[in-house]
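The values are calculated or read from the model by the stated rules, or taken from the named source; none is laboratory data. This one's a predicted model, so the numbers in the text were calculated from it and none came from an experiment. Cβ sites come from the backbone with ideal geometry, for glycine too, and all protein chains shown count toward neighbours. Quick note on the areas: whole protein, heavy atoms, side chains included, nothing else; ligands and nucleic acids left out. Shrake-Rupley method; radii C 1.70, N 1.55, O 1.52, S 1.80 Å.
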Amino acid sequence: INFLIGSGASVGLFPTLNVNIKGTDGKNETIESLFKVKNKNNQELYCKYLFAHYYNSCIKEVIDFNTKKPEEENEVTKNYTQFVETIIKILNRKKPDDNKVCNIFTTNYDGCFEYAFDAILNQKTHQFIVNDGSTGFRQRYFNVNNFHINSFRTGINESYNVQNPQINIIHLHGSLFWHKKNNNVLVDYSKEKQQEILKNINSSIGENNDLNTFYDLIKNEKEKTDNLEKYEFNGDIDTLNKFYEKYQELVIVNPTNQKFSDTLIEPYYYEMLRHLCFELEKPNSILITFGFSFADEHILNMVKRSLSNPTLQMFVCCYNDKEYETLKEIFNSFNNVEFIRHVNNLNFTNFNKDFFIFENKESTKKDGKQ
């Protein structure tokens, strides 16, 4: 079983990439689409201003969330926890000879899945293994080959050998828990590390009134991207360059039209995409997508190629009728794709409540259900 989870699962907790400024077609832009705008005065500065806006409006809140206490729950984190618990129950119900591994591929770099794993493990009501692709002792480093490692539980005298239920969490766009170290990716979940990141980047960006003017322009629904094309920069360039230097230490794929220009991220990104393809080409694989728009062309093309596997079954969750029409157009030539819709909007709460449900076999027999 494979899942592809996008930002739609975290709606309500973190800001989206949407902005109010409108394009030439009159439609609202996104941070990603704004990177395609060409500034006539200085394109490099324009992109750095956008990175500063992206950090302040999106990333900063995600890092701050990772520094909070585990007790601070909300509907979004509860949805993630319920989703993971259902996966564990499904894996536990598999036969002893079946592969008890589930892959969660996600483009989210927030800490919602990690939060859910901790919440369930701390309850001690479920036994399962989380594989985040890292190995090590005092310092843990990421390697995509680690996702091929499974664990087994044996009896004292090796009287039995049972595979542990395992969830592989694969961050296709990197993670704010990943950090560059000696051309490797160090995985560190400590709150101290998150606070250090905030402190370093916040101190580097400083006070820049021109940045605030730029932000106001992007957030103004009466403005158009024509004004971004001719925007003149009057901010502290040295401070901005210092910020960008610190910002580049984050191991995430940025929402630009050059998503993997970073020499460190590029090989990891492609290795994880290959792992996605490898899993989808296995016999009788299942892929369930939620909160994912397929705007990432590389992931879209990878999934389309994998759909040539006749035993792969893909279920695409559509938030509303508009998204259904868009996704139907993308996958209309494939017979092994089904679309999941809700009478209301298909948010994460409705998905967990009405679709992704675990029913005990014994209870369904008593109720006369199948």
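Quick one: count up the residues across the range 275-302 that are in contact (Cβ under 8 Å) with a residue 60 or more places away in the chain, open to solvent by 50 Å² or more (accessible area, probe 1.4 Å) and under 23 Å from T256 (Cα atoms). Walk me through it before giving the result.
Looking only at the range 275-302, we keep the residues that are in contact (Cβ under 8 Å) with a residue 60 or more places away in the chain, and these are 275-276, 279-280, 285-293, 295-296, 299.
After this cut, where a residue has to be open to solvent by 50 Å² or more (accessible area, probe 1.4 Å) as well, the list is 286, 293, 295.
Filter once more, so that each one left must be under 23 Å from T256 (Cα atoms): 293, 295.
Selection size over the range 275-302: 2.
Restricting attention to the range 4-57, the residues that are of a type in the set (S, T, N, Q), more than 16 Å from D216 (Cα to Cα), more than 16 Å from the chain's Cα centre (by Cα) and open to solvent by 40 Å² or more (accessible area, probe 1.4 Å) add up to 4.
Given the condition among the acidic types (D, E), touching a residue at least 24 places away in the same chain (Cβ under 8 Å) and part of a loop (DSSP other than H, G, I, E, B), answer yes or no: does some residue in the range 105-116 qualify? Steps first, answer last, please.
The initial filter retains those residues of the range 105-116 that are among the acidic types (D, E), namely 110, 114.
Then keep just the ones that are touching a residue at least 24 places away in the same chain (Cβ under 8 Å); that gives 110, 114.
With part of a loop (DSSP other than H, G, I, E, B) added as a condition, the list becomes 110.
Checked the range 105-116: at least one residue is among the acidic types (D, E), touching a residue at least 24 places away in the same chain (Cβ under 8 Å) and part of a loop (DSSP other than H, G, I, E, B).
When we screen K100, K124 for residues that are without any contact (Cβ under 8 Å) to a residue 12 or more places away in the chain and more than 22 Å from the chain's Cα centre (by Cα), the only hit is K124.
A single member of K242, K222, K230, K246 is over 30 Å from M272 (Cβ atoms) and in contact with a Ser or Thr (Cβ under 7 Å, 6 or more places away or on another chain), and it is K242.
Name every residue in the range 329-363 that is touching a residue at least 60 places away in the same chain (Cβ under 8 Å) and surrounded by 15 or more Cβ atoms within 10 Å (Cβ to Cβ), in order of residue number. If the condition is that a residue be touching a residue at least 60 places away in the same chain (Cβ under 8 Å) and surrounded by 15 or more Cβ atoms within 10 Å (Cβ to Cβ), then N347, F348, T349, F351, N352, F356 are the ones that fit. Scanning the range 29-82 for residues that are more than 22 Å from N209 (Cα to Cα) and among the hydroxyl-bearing types (S, T, Y) gives T30, S33, T67, T77, Y80, T81. The residues on offer are I1, I21, I59, and the sole one that is in contact with a strand residue (DSSP E or B) (Cβ under 6 Å, 6 or more places away or on another chain) and under 25 Å from I237 (Cβ atoms) is I21.
The residue that is least open to solvent (accessible area, probe 1.4 Å), counting only those in the range 213-248 that are within 15 Å of Y54 (Cβ to Cβ) and modelled with pLDDT under 90, is L240.
Whether a residue is open to solvent by 60 Å² or more (accessible area, probe 1.4 Å), more than 15 Å from Y46 (Cα to Cα), within 17 Å of the chain's Cα centre (by Cα) and not polar (S, T, N, Q) was assessed, and E266 passes this test. Checking each residue in the range 303-328 for being open to solvent by 20 Å² or more (accessible area, probe 1.4 Å) and either part of a helix (DSSP H, G or I) or without any contact (Cβ under 8 Å) to a residue 24 or more places away in the chain (or both) picks out K304, R305, S308, D321, K322, E323, Y324, E325, T326, K328.
Could you please find all residues in the range 208-254 being among the hydroxyl-bearing types (S, T, Y) and either over 17 Å from N41 (Cα atoms) or part of a loop (DSSP other than H, G, I, E, B) (or both)? Full working, then the answer.
Initially, the range 208-254 is screened for residues among the hydroxyl-bearing types (S, T, Y), giving 213, 215, 225, 231, 239, 244, 247.
Selection gives Y215, T225, Y231, T239, Y244, Y247.
For the range 182-199, a residue qualifies if it is farther than 15 Å from G111 by Cβ, open to solvent by 10 Å² or more (accessible area, probe 1.4 Å) and either under 18 Å from the mean Cα position of the chain (by Cα) or touching a residue at least 40 places away in the same chain (Cβ under 8 Å) (or both), and the qualifying residues are N183, N184, L186.
Against the numbered list (1) open to solvent by 80 Å² or more (accessible area, probe 1.4 Å); (2) within 24 Å of N79 (Cα to Cα); (3) β-branched (V, I, T), I149 comes up short only at (2). I'm trying to understand the selection: among the residues of the range 78-89, which are open to solvent by 60 Å² or more (accessible area, probe 1.4 Å) and more than 25 Å from F152 (Cβ to Cβ)? Hits for the range 78-89 are K78, Q82. If only residues of the range 124-141 that are of a type in the set (K, R) and surrounded by fewer than 11 Cβ atoms within 10 Å (Cβ to Cβ) are counted, the one that is nearest to I167 (Cα to Cα) is K124. I'm trying to understand the selection: among the residues of the range 90-109, which are over 16 Å from F351 (Cβ atoms) and either among the acidic types (D, E) or open to solvent by 30 Å² or more (accessible area, probe 1.4 Å) (or both)? Residues satisfying the conditions are N92, R93, K94, K95, P96, D97, D98, N99, Y109.
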